């Protein structure tokens, strides 16, 4: 049975909270695009995605981030195999104090096995808190 995009994002958030790049990469379909207002990266392999997430997790851990909590804002079907979801992510420290939040939009593609994979991530760092923690363009 296929996973709907809302359920998919909950499952990927669970993987994100493990801080395990391999688990997070399993939700992406290379080549994938990760972009913000200040940068755009086309990542062509699982290995490069894993390296990118490893760096991101290292920087977030150094900033004291311990947990990610998603809040679904929008979910829609774009076509038979493409979906769009917008999340508001909240980043928490060890004492579960809110450090900051940012929005991310995802374009998801349904695979032949009915599973969804992320093909585009757009990060809307509206308060520049994520960029203040580390530059996304590194």
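Values quoted throughout were computed directly from the atomic coordinates according to the rules given, and no laboratory measurement underlies them. Because the structure is predicted, anything quoted here is derived from the model rather than measured. A quick note on method: Cβ atoms are made from the backbone with ideal geometry, for glycine too, and the neighbour counts reach across all protein chains shown.
What FRET efficiency would be calculated for the residue pair residue 107, residue 54, taking the C-beta separation as r and a Förster radius of 30 Å, to the nearest 0.05? If you can, show how the numbers build up before the last one.
On the way: r = 23 Å, r/R0 = 0.78.
With R0 = 30 Å, the Cβ-Cβ based efficiency is 0.80.
Can you give me the angle between helix 46-62 and the longest principal axis of the chain, using Cα atoms only, in degrees from 0 to 90, rounded to the nearest 10?
The angle comes out near 30 degrees.
For the chain, what proportion of DSSP beta bridges, expressed in % and rounded to the nearest 5, is antiparallel? Kindly include the intermediate steps, with their values, before the conclusion.
Working: 33 of 37 bridges.
Antiparallel bridges make up about 90 percent of those DSSP assigns within the chain.
Taking a ≥ b ≥ c as the square roots of the eigenvalues of the Cα gyration tensor of region 5-132, is the shape rounded (a/c under 1.5), prolate (a/b larger than b/c) or oblate?
Since a/c reaches 1.5 and a/b is larger than b/c, the shape of region 5-132 is classed as prolate.
Measure nothing but the geometry: give the 0 to 90° angle between the long axis through the Cα atoms of 5-16 and the longest principal axis through the Cα atoms of the chain, rounded to 10°.
Helix 5-16 sits roughly 40 degrees off the main axis of the chain.
Tell me, 87, 35 in order of fewest to most beta-carbon neighbours within 10 Å? The partial results should precede the final answer.
Numbers: 87 22, 35 15.
So the ranking, lowest neighbour count to highest, is 35, 87.
For the chain, calculate the relative contact order in percent as a whole number, restricting contacts to Cα pairs under 8 Å that are 6 or more residues apart.
It comes to 26 percent, rounded to a whole number.
Considering Cα pairs under 8 angstrom that are at least six residues apart, work out the relative contact order of region 1-81 and quote it in whole percent.
31
Give the calculated FRET efficiency between residue 128 and residue 88 to the nearest 0.05, with a Förster radius of 25 Å applied to their Cβ-Cβ distance.
Efficiency computed from Cβ-Cβ geometry: 0.95.
Using the 10 angstrom Cβ neighbour count as an exposure proxy, how do 12, 79 rank, fewest first?
Ranking 12, 79 by Cβ neighbours within 10 Å, fewest first, gives 79, 12.
What order do you get for 27, 57 when you list them from fewest to most C-beta neighbours inside 10 Å?
Least to most surrounded, the residues fall as 57, 27.
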